Amino acid sequence: MAGIYIHIPFCKQACYYCDFHFSTSLKYKDELLQAIIKEIKLQKDYLANEPVETIYFGGGTPSLLSSDELNLIIGTITNLHTVAADAEITLEANPDDLDRAKLQALRQTNVNRLSIGIQSFFDEDLLWMNRVHKGDEAESCVKRAQDTGFENITVDLIYGYPLLNDQKWKQNLDKVFELNVPHVSTYSMTVEPRTALASFIQKKKQAPMDEQQSAEQFILLIDAMSSKGFEHYEISNFCKPGDYSRHNANYWRGVKYLGIGPSAHSYNQETRQWNVANNAKYIQALQKNKIPAETEVLSETNRLNEYIMTSLRTIWGLDLKQLENIAPSASTELLKPAQEFLEREWITQKDNVIYLTQTGKLYADKIAADLFF
């Protein structure tokens, strides 16, 4: 089984912290959609006829698309691929887009999962982030979606930024629990180069992010989610038992996926490719029947490190037998640097699988980097 990701690079306005590829101009939306359709057709053999079990519309803000535009893209995929009858089809959406008419229109598509970018329920925090929506819209759109028949909903929250004290963070989490959504994605505020937030900090208009605050709020998050019966199945993701994001879980498990759209990445277990992050160049290339992508053939070391990085983040852990499938002596080599983290109790080993402990989750990136080949 495989997945398909569609990148829709349009937003109403730019969030100060965001470094994803997007444009706030919809001037060339029609041309870009036609280019996306063309790329789907040109890339039809990338997955080697593997059945598709997930389709994910990310961005940007895919909820800016009409139901007809979504149907066109999904229909093109289903015409060229074997799509599972129970395929998970996710649409990322902003709260301000999800009025009743929009939700009713979405029910006429095959979209069956909504990923709603709430980030916070506090107006002052949303203003600080330069989000379009308000806190009351965040709450009401989830209720409307549920009333319209969407049960498979995930929401995004951000922590670790100056305005968010622990009390407000608990209130955000309590509001999510009240809304009874089955999945929550949470992210520590990071300062990415070439973002407005990075510029504000450089010009002393904004204080830097506090790593200690972020770590404490991450622990608070883990405890709160656990108390409500959520599984912490990936560093940033929590769900009610069994309600994983199938699409994202497949990323972490090394399943093949095809990325469509400007800046989208693809992976087929042997190569990785990525499209140009420029709307005009993307459109121009597809108009000439060319795929605007660079490709990297993955070496044995690439594949080992990829598996270490993704598997350690999950509830399923790093399987030493899987390492052996990539390189015969890999598990023996990995256990040497792993010993330090076992002694610190940052990781634990059960049979042939290595897992992060709760403390280890605070150092996931460091642990993975130190275990790389």
What tally of residues in region 273-282 results from selecting those that are charged (D, E, K, R) and open to solvent by less than 30 Å² (accessible area, probe 1.4 Å)?
0
Yes or no: ILE116 touching a residue at least 40 places away in the same chain (Cβ under 8 Å), in contact with a strand residue (DSSP E or B) (Cβ under 8 Å, 6 or more places away or on another chain), of a type outside the set (Lys, Arg) and in a strand (DSSP E or B)?
yes
Checked pairs for region 15-28, first more than 13 Å from PRO62 (Cα to Cα), second among the aromatic types (Phe, Trp, Tyr) and surrounded by 14 or more Cβ atoms within 10 Å (Cβ to Cβ), C-beta under 9 Å and 6 or more apart or across chains, list as TYR16/TRP128; TYR16/PHE200; TYR17/TYR161; SER25/PHE10
Do you know which of the residues in region 90-114 that are open to solvent by less than 10 Å² (accessible area, probe 1.4 Å) and over 16 Å from ILE74 (Cβ atoms) is farthest from the chain's Cα centre (by Cα)?
LEU103
Residue by residue through region 132-152, note down the ones that are of a type in the set (Gly, Ala, Ser) and touching a residue at least 60 places away in the same chain (Cβ under 8 Å).
none
Members of region 296-343 that are over 19 Å from TYR233 (Cα atoms) and touching a residue at least 60 places away in the same chain (Cβ under 8 Å)
THR301, LEU304, ASN305
Hits in region 16-56 (condition: hydrophobic (A, V, I, L, M, F, W, C) and open to solvent by 60 Å² or more (accessible area, probe 1.4 Å)):
PHE20, LEU26, LEU42, ALA48
Would you pick out the residues in region 328-352 that are over 16 Å from MET309 (Cα atoms) and of a type in the set (Gly, Ala, Ser)?
SER329
If we only count helices (runs of 4 or more DSSP H) wholly inside region 144-237, which ones have 1 or more residues that are surrounded by 14 or more Cβ atoms within 10 Å (Cβ to Cβ) and among the charged types (D, E, K, R)?
166-179, 211-227
Within region 238-270, restricting attention to residues that are touching a His at 6+ places or on another chain (Cβ under 9 Å), closer than 24 Å to GLU151 by Cα and of a type outside the set (Gly, Ala, Ser), which residue is surrounded by the most Cβ atoms within 10 Å (Cβ to Cβ)?
PHE238
I need the full set of residues from region 238-278 which are touching a Gly at 6+ places or on another chain (Cβ under 9 Å) and in a strand (DSSP E or B), in order please.
TYR257, LEU258, HIS265, SER266, TYR267, GLN273, TRP274, ASN275
For MET129, all conditions in the list (1) crowded, with 17+ Cβ neighbours inside 10 Å; (2) touching a helix residue (DSSP H, G or I) at 6+ places or on another chain (Cβ under 7 Å) hold save one; what is the number of the exception?
(2)
Which numbered condition THR82 fails, given (1) surrounded by fewer than 20 Cβ atoms within 10 Å (Cβ to Cβ); (2) under 23 Å from the mean Cα position of the chain (by Cα)
(2)
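The values are calculated or read from the model by the stated rules, or taken from the named source; none is laboratory data. Computed from a predicted structure; not experimentally measured. For neighbour counting, all protein chains shown are included, and Cβ atoms are generated from backbone atoms with ideal geometry for every residue, glycine included. Each accessible area value is taken on the protein alone, full model and side chains, heavy atoms only, with ligands, DNA and RNA left out. Shrake-Rupley method; radii C 1.70, N 1.55, O 1.52, S 1.80 Å.
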